[in-house]
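Scroll down for the structure; my scribbles are underneath it.
The values are calculated or read from the model by the stated rules, or taken from the named source; none is laboratory data. Quick caveat: nothing in here was measured; it's all calculated off a predicted structure. Don't worry about glycine lacking a Cβ; one is built from the backbone with ideal geometry, like all the others, and counts go over all protein chains shown. In case anyone asks, the SASA skips ligands and DNA or RNA and just uses the protein heavy atoms, side chains included. Shrake-Rupley method; radii C 1.70, N 1.55, O 1.52, S 1.80 Å.
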Amino acid sequence: MATITGRDRIKAAYKRTFADRIPFYPIAGSFTAQVAKHSIRDYLQQTDCFVESQMAFYEKYKPDVIVMLADLLLEAEAMGTELKFPENAICEVVADPLADKSNLSRLGVPDPHQDGRLPYFLEACRLISKEVSDSAIGSTICGPWAIACALRGVEAMIYDTMDDPDFVHQLMQLTTKVVIEFASAVRQTGVGISLSEAPASCSLISPDIFKEYIKPYYHELVDTFKAQKTGLTIHICGFIDPIMDQVCDCGFAAISIDSLSSLQKMVEVDQGRSVIIGQRICHHLTDSILRKF
């Protein structure tokens, strides 16, 4: 009997069937640096350390999907957000370029092949894509709302939805273009695209904010990549039960949810439109991994 690979399991999931088991989809991120004995600072700044870390995790745990996740500030940094890089912690924002909203007119879409650390990420994707054939490979990059919040600051963005809605839409139009440009470059490396939208859950914003300022741009992204025969995955951290129907309406190929949200409700609301990446399985497997260290 032929060996069933991670890619086989992922293909089966997208066909709404099963292989030998449910796919193992660990979003390990900078934890992989610990496996390869690299500092998180080096993992986030040096392509060779990023690749070695991902490969060390892959060889040790054989995930069905290799999740190419650096940090969630790549795009914002390339647009002018100032960061600091502790040795063994995720990078932090030092200064938001849109602390003064008038700076918006000075911001543009960064070149994925030249600006900030975007080239480092693309090269890592290319190298892993060439190295691994039996597991699926997916990237985790920021969605438009996450980029906007990194540029402006989360609290300021929420106030802006009430005080200056035109500004919010202008910023979201820009960050949506940023996502399209960067995601297109990632796709050219042979790696899939997953958008991380940590600030887009109802742990932080209201359903009305989601409907007015986020959902239209998700539709634009899905339609843009669907025209390129590319499906998008989205992961939203936090509690999304009140907006599950809106998220499902956007047409994402797959939706990944966090532990605060109901997996049962997600399946019921989606009605088979998307592949659901459920948090309970991921958490159990991640806990098992962490206990080994």
For Ile66, the residues 5 or more places away or on another chain with a placed amide H closer than 5 Å to its own amide H are Ala136, Ile137, Gly138
Note to self: with every protein chain in place and a 1.4 Å probe, the chain gives an accessible area per residue in Å² of 45 Å²
Rg/Rh over Cα atoms for the range 91-160, Kirkwood Rh, comes to 1.09
Filtering trypsin sites (Lys or Arg not before Pro) in the range 6-81 by DSSP loop and by at most 13 other Cβ atoms within 10 Å leaves Lys15, Arg16, Arg21, Lys37
Rounded to a whole %, the carbon-and-sulfur portion of the accessible area of the range 139-293 at a 1.4 Å probe is 51 percent
Expressed in angstrom and rounded, the centroid-to-centroid distance over alpha carbons for the range 83-149 and the range 22-77 is 14 Å
For the range 210-259, the Kirkwood Rh over every pair of distinct alpha carbons, in Å, works out to 11.3 Å
Packing-ranked peptide list from 102-110, 219-227, 193-201, highest mean Cβ count within 10 angstrom first, is 193-201, 219-227, 102-110
Computed over the range 192-272, the relative contact order (Cα-Cα under 8 Å, seq sep at least six) in percent reads 35 percent
For the range 1-65, the Debye formula with one identical point scatterer on each Cα and no solvent gives log10 I(q)/I(0) at q = 0.25, 0.30 Å⁻¹ as -0.93, -1.18
Output row, site Val154, 7 Å Cα→C-beta label point, backbone N cut-off 12 Å, window the range 216-250, residues 237-239
Summing -39500 (n - 2.57) over every DSSP H run of at least 4 residues in the chain and dividing by its residue count gives a helix-only mean residue ellipticity at 222 nm, to the nearest 500 deg cm²/dmol, of -13500 deg cm²/dmol
Shape descriptors of the chain over alpha-carbon atoms, Rg and Dmax in angstrom, are 18.4, 63
About its Cα centre, the chain carries a charge dipole, from +1 on Lys and Arg Cβ atoms and -1 on Asp and Glu Cβ atoms, whose size in debye to the nearest 20 is 1260 debye
